[in-house]
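Each value in this text was obtained by applying a stated rule to the coordinates, not by laboratory testing. Since this is a predicted model, take the numbers as computed values, not measurements. No Cβ is skipped: glycine too gets one built from the backbone with ideal geometry, and neighbour counts run over all protein chains shown.
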Amino acid sequence: MARSINTILTEIQQARLANPNLNGLNSPSQTAIYNLIEYQTATELNLEEQNWDTMKASIEAEIAAAPIGTVQWLRQQIFNFQYDSVVPQIVQLVNFVPGYNPVDTSKQIITRASVITQPNRLVSVKVATGNPPTALTSSQLSSLVGYLDQISFSGTQYNILSLNSDKLYCQATIYYNGQYASTIQNDVITAINNYLANIPFNGILRLSLLEQAIINVAGVNDVILINVATRADSSASYGYLTQNRTELFSSTALFADYIVPEVISGSTFTDTLSFIPQ
């Protein structure tokens with residue numbers, strides 16, 4: 001940071017007074033030639049240091065904006081992706097830094113993204129849009145593929161997916177304080193939905209946290225998980241975490257990276273959650 005003129009001037013004066021060959025120069029006149037020289041020198045050094053600060057800030061800003069190709073960098077660029085169903089959004093590379101002109105945050109449709117580099121160096125990208133999240137349309141996904149092709153580093157291969165949500169089947173018995181009879185079902189289902197919605201994208205579904213979400217509902221005394229299972233939207237087969245009250249796995253990764261309650265008639269939470277007053 002540039003020193004002030006007074007700071008520099010004081011340092012020059014102190015150096016003069018410390019020099020036995022110059023310490024006799026102590027005229028009180030501000031127009032003494034050596035005072036004028038010192039002040040002019042201090043002013044010039046101040047301006048020079050301001051120029052250094054400006055150049056340093058410019059270099060650091062350019063470095064900060066430069067593409068670095070890390071997983072974190074790529075994930076941020078995916079969130080910066082813009083899509084418009086009418087006007088194509090064309091990314092520009094300025095000094096090899098991707099960007100849009102103009103930047104329109106209302107067109108940044110990606111709300112969930114995970115980026116993982118596989119052992120074979122293939123980069124796995126999964127995305128979703130909206131809140132609650134849903135899969136991208138084919139047009140949106142094609143635009144994202146074109147965008148990543150434009151900004152990708154040489155030799156990088158992407159596997160880009162946007163899948164419909166995984167589904168959770170949960171059969172459980174909930175024991176509750178009978179005073180909450182009018183609200184208990186809705187509150188428990190809301191609590192489970194909130195837990196699922198807050199699992200980080202590319203996160204893990206954990207039985208302990210699912211159970212805790214139910215236990216934390218006002219009026220709930222206890223919960224017994226009977227059958228808990230998940231499936232990919234494209235599959236009819238379940239992978240069980242709990243079966244017939246026996247825990248098989250404490251957690252599971254998500255195929256689509258996000259999950260919602262089962263929607264098949266007869267298997268929704270309304271169908272599978274039993275409430276017993278105590």
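Odds and ends about this structure:
- Label point distance in nm, Ser250-Ser138, each placed 7 Å from Cα along Cα→Cβ: 4.4 nm
- The C-alpha atoms of the chain define a longest principal axis, and helix 33-65 lies at about 20 degrees to it.
- Computed over the stretch 166-277, relative contact order equals 45 percent, with contacts defined as Cα pairs under 8 Å that lie 6+ residues apart.
- A P(r) calculated from all alpha carbon pairs of the stretch 1-60, with 5 Å bins opening at zero, reads 4, 19, 21, 21, 14, 9, 6, 4, 2, 0 percent.
- Residue range of the chain that is longest and free of trypsin sites (Lys or Arg not before Pro) which are both DSSP loop and sparsely packed (at most 14 other C-beta within 10 Å): 122-244
- Prolate/oblate/rounded call for the stretch 166-277, Cα gyration tensor, a/c under 1.5 rounded: prolate
- Taken along its principal axes, the alpha carbon cloud of the stretch 71-161 reaches lengths of 38, 36, 20 Å, longest axis first.
- Structural descriptor for the chain: relative contact order 16 percent, calculated from alpha carbon pairs under 8 angstrom and at least 6 residues apart.
- C-alpha long axis of helix 5-18 to longest principal axis of the chain, angle in °: 50 degrees
- Note, ³J(HN,Hα) from phi for the stretch 219-231, Karplus 6.51, -1.76, 1.60, rounded to Hz, x at Gly and Pro: x, 7, 9, 6, 9, 10, 7, 8, 9, 10, 8, 10, 8
- Taking only the alpha carbons of the chain, we obtain Rg and Dmax values of 32.0, 101 Å in that order.
- Computed about the Cα centre, the dipole magnitude for the stretch 5-65 is approximately 320 debye when only Lys and Arg (+1) and Asp and Glu (-1) carry charge, each at its Cβ.
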